[in-house]
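Visitor: Attaching a single structure in C-alpha cells format; questions to follow.
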Amino acid sequence: MHSAESSIFADENMNDKQKTGGRIVVTRYHDISMGHRVVGHEGKCRHLHGHNYRIHFVCSAPEVDGLGRIIDFSEIKTRLCAWLELHWDHRTLIWEADPWLPALQAVEEESIVVVPFNPTAEAIARYLVEQIAPCALTGSGVTLVACKVEETAKCSATYSLESVQWV
C-alpha cells in the first residue's frame, strides 16, 4: 500500500494531460527597483524614471516530479529571481538605439544596462521569456511559459508562449 503522500501525487494522477485536459503552472514573483526610459513615448515616460517592479514568473513542464511539483519554488528563486538581482536590480535599462545612451554611459556606465529593445513592460516580459529563461532554466525540464511585469500595482504587461489564465 502506498503512503498518502505518494498516492496523492502518483504519476497516473498528475502527469496525463489528455486525461484532465489541463496543465499545471507554478508562479513565483520577485520585486526589484529599476530605472528606464521609453524612447519616443508621447508622455512623461520618455524621461528617465524608475519603478518598483514586481515580476511574475509562470513556469510549466511536461510532467511533475515524484513529489507532484513542476519545480521547487526555491529553484525559480535561484535561477530567475537571482538573475534579476544580479543583472537588473538598482540599474537602468537603456535601449541600444537610444540617442541618450553615450551621454548616460559617460556619467554612470556601471548602472546602465544596454538592452536590444525599447524597455517597455511588454518588451521586458518578452525578453525574459524568450532570451533569459531558456538559458537560466537549462537542464531543469521547465519552461517559462509567461511573465508578467508590473510597473505599478495598477499597470502591468504579460507575455506568454501560450494561453495562460491569470487568477
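The values are calculated or read from the model by the stated rules, or taken from the named source; none is laboratory data. Please read all numbers here as calculations on a predicted model, not as lab measurements. Don't worry about glycine lacking a Cβ; one is built from the backbone with ideal geometry, like all the others, and counts go over all protein chains shown. Note: areas computed on protein heavy atoms with side chains; ligands, DNA, RNA excluded. Shrake-Rupley method; radii C 1.70, N 1.55, O 1.52, S 1.80 Å.
Visitor: Under a 5 Å amide H to amide H cut-off, with H placed in plane at 1.01 Å, what residues pair with Arg91 once short-range neighbours are removed?
Guide: Hits under the 5 Å cutoff: Gly35.
Visitor: State log₁₀ I(q)/I(0) for the range 115-167 at q = 0.25 Å⁻¹ as given by the Debye formula over alpha-carbon point scatterers of equal weight, solvent excluded.
Guide: Taking Cα atoms of the range 115-167 as identical point scatterers yields -1.00.
Visitor: Provide the per residue accessible area, probe 1.4 Å, for the range 46-167, rounded to a whole number of square angstrom.
Guide: Each residue of the range 46-167 exposes 55 Å² on average to a 1.4 Å probe.
Visitor: For the range 10-153, what number results from the quotient of the Cα radius of gyration and 2.2 N^0.38 Å?
Guide: Computed over Cα atoms of the range 10-153, the ratio equals 1.23.
Visitor: In the range 105-167, which chymotrypsin sites (Phe, Trp or Tyr not before Pro) fall in coil by DSSP and have 12 or fewer other Cβ atoms within 10 Å?
Guide: Trp166
Visitor: Counting other C-beta atoms within 10 Å, and keeping those with at most 10, which DSSP coil trypsin sites (Lys or Arg not before Pro) do you find in the range 77-167?
Guide: The qualifying sites are Lys154.
Visitor: What FRET efficiency do you get for Trp100 and Tyr29 if R0 is 41 Å and r is their Cβ-Cβ distance, rounded to the nearest 0.05?
Guide: Working from the Cβ atoms, E equals 0.85.
Visitor: Work out Dmax and Rg for the range 71-137 from the C-alpha atoms and quote the Rg first, both in angstrom.
Guide: For the range 71-137, the Cα radius of gyration and maximum Cα-Cα distance read 13.5, 43 Å.
Visitor: Order Trp88, Trp83 by their accessible area, 1.4 angstrom probe, all chains in place, largest first.
Guide: Accessible-area ranking of Trp88, Trp83, largest first: Trp83, Trp88.
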